[in-house]
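A quick write-up on the structure given underneath.
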Amino acid sequence: MSTMSNSLAETQVESLATAGLSQGDVSDFFALLKPRVMFLVVFTALVGMVVSPSTVHPIVAFVSLLMIAVGGGASGCLNMWWDADIDAVMTRTAKRPIPAGKIQPGEALAFGMTLSVGSVIILGLVSNWLAAGLLAFTIFFYVVVYSMWLKRTTPQNIVIGGAAGALPPVVAQAAVTGHVALDSIVLFAIIFMWTPPHFWALALVKSGDYQRAGIPMLPNVAGPDATRFQILAYTILLAPLGIAPVALGFGGLAYAIISLVGGFGMLALALQVYRLRQGEPAMRVAQQLFGFSILYLFLLFATLLVEHGFGFFRPVFG
Amino acid sequence: MADRKPSQSLTPEEQKRRRTRSLALALTLGALVLLFYVVTIAKLGPGVLQRPM
């Protein structure tokens, strides 16, 4: 009997060995979820929740937020599974768990799919099926529409793909209210319009990386000058959109000031990026715009969070 | 992925990683049980105990 079980165990080890053993640690699996993106997803979703007019039980809100975070992480994981070949040739992404050989593609696919299905089902059971459907659509949009289709075929990849990153506040508000309200659509529009200037500023600096990977980012396809023009055009649309919550009544006095100052800051930097086209100063200002764009979006959402979550809301009109 | 010869057993490092992965999975499953319990109580409240027999 013991000989039989020994030989069985040996066969199992053997089959594991031929299949290739997992080298991944728990931290590698966590890295597959793109923790920084997940933080942004949680943050914007939380703001979508606190600005909504209705409330839910705190535990339901917490679990909904957790599932939105897990769904966001799952889409990041599936994106890494699909993009492992291009991640391997870009300096920024070469150390990710799959190209680094720590996690096998099949493991990442199974992990991402399990988390995707699980997060959608739990969100549907805990809150409502509209929110769950929107989360499923977000994952589908990021993985299939953006990663599998647009990213490698069109220089407008991040414009359309940006919709996936902009959806978390809509999902979160749907989880609370049961419908899609104008407030969350405005938050969606702000992130959507913010994405192109943010990523193209990075693409201007890292264009060599994207070129090597064969990704048709705008600077590689249309050239840096056309990219600079588009950055400026999107920023001109973004700055007034950033103030829209004030006009709609859910952005208070503090938000009005921050969005005005921040909007002018974005415009000034985008104008600088448009004007400075040569050498080190051009790279430096693109990098500054990239950094400032993160601060701008963070401040807009953080101000809404403080105003609504901590009772600091002071209306601008009336 | 490491290429290895058939019948080769796990190295201590691989065993350690497998153990931490298993532990993380167990903790996740435990957290899910707790989560479903808490959500059930939060959604149904005391009514969960007042069911017609």
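The values are calculated or read from the model by the stated rules, or taken from the named source; none is laboratory data. Quick caveat: nothing in here was measured; it's all calculated off a predicted structure. FYI the Cβ positions are ideal-geometry reconstructions off the backbone, even for glycines, and counts take in every protein chain you see. Note: accessible area is taken over every heavy atom of the protein model, side chains too, but ligands, DNA and RNA are not part of it. Shrake-Rupley method; radii C 1.70, N 1.55, O 1.52, S 1.80 Å.
Annotation for the B:A interface, with buried accessible surface near 1900 Å², both sides summed [1.4 Å probe; non-protein components not counted]. Membrane-span-like helices in chain A (whole DSSP H runs, Cα extent of at least 27 Å along the helix axis, mean Kyte-Doolittle hydropathy of at least -1.0): A:58-82, A:105-126, A:182-205, A:224-248, A:253-275, A:279-309.
In a reduced charge model with +1 at each Lys and Arg Cβ and -1 at each Asp and Glu Cβ, the protein assembly as shown shows a dipole moment near 280 debye about its Cα centre. Can you tell me the dipole magnitude for region A:197-280 around its Cα centre, using point charges on the Cβ only (Lys, Arg +1; Asp, Glu -1), in Debye to the nearest 20? That gives region A:197-280 a dipole magnitude of about 80 debye.
Give me the percent of the accessible area of the protein assembly as shown that comes from carbon and sulfur atoms, probe 1.4 Å, all protein chains in place. Mind showing how you got there, number by number?
Numbers: 12920 of 18440 Å².
Ligands and nucleic acids excluded, carbon and sulfur give 70 percent.
The stretch between A:Phe312 and A:Val221 holds 28.1 nm of extra length on full extension. This uses 0.36 nm per residue minus the Cα-Cα distance. Radius of gyration over Kirkwood radius for region A:191-318, both on Cα atoms: the Rg/Rh ratio is 1.06. Among A:Val37, A:Ala244, A:Leu125, whose Cα projects farthest towards the positive end of the dipole of chain A, with charges put on the beta-carbon of Lys, Arg (+1) and Asp, Glu (-1)? It is A:Ala244.
With a simple spin-label model that places each label point 7 Å from the Cα along the Cα-to-Cβ direction, the separation between A:Lys95 and A:Leu125 comes to 3.9 nm. Positive end of the dipole of region A:171-318 (Cβ unit charges, origin at the Cα centre): among A:Ala256, A:Ala201, A:Val171, the Cα lying farthest that way belongs to A:Ala201. Listed by chain and number, the lysines whose C-alpha is less than 22 Å from the C-alpha of A:Lys206, apart from same-chain residues fewer than 8 away, are A:Lys34, A:Lys95, A:Lys151. Peptide packing: for A:217-225, A:298-306, the average count of neighbouring Cβ atoms within 10 Å per residue gives the ranking A:298-306, A:217-225, highest mean first. Note on A:Asp85 and B:Glu14: their simple-model spin labels are 2.9 nm apart, each label 7 Å out from Cα toward Cβ.
Helix content alone sets the calculated 222 nm mean residue ellipticity of the protein assembly as shown: runs of n ≥ 4 DSSP H residues at -39500 (n - 2.57) each, divided across all residues, give -24500 deg cm²/dmol. For chain A, the Kirkwood radius over C-alpha pairs fed into Stokes-Einstein at 10 °C and 1.306 mPa s yields D = 76 µm² per second.
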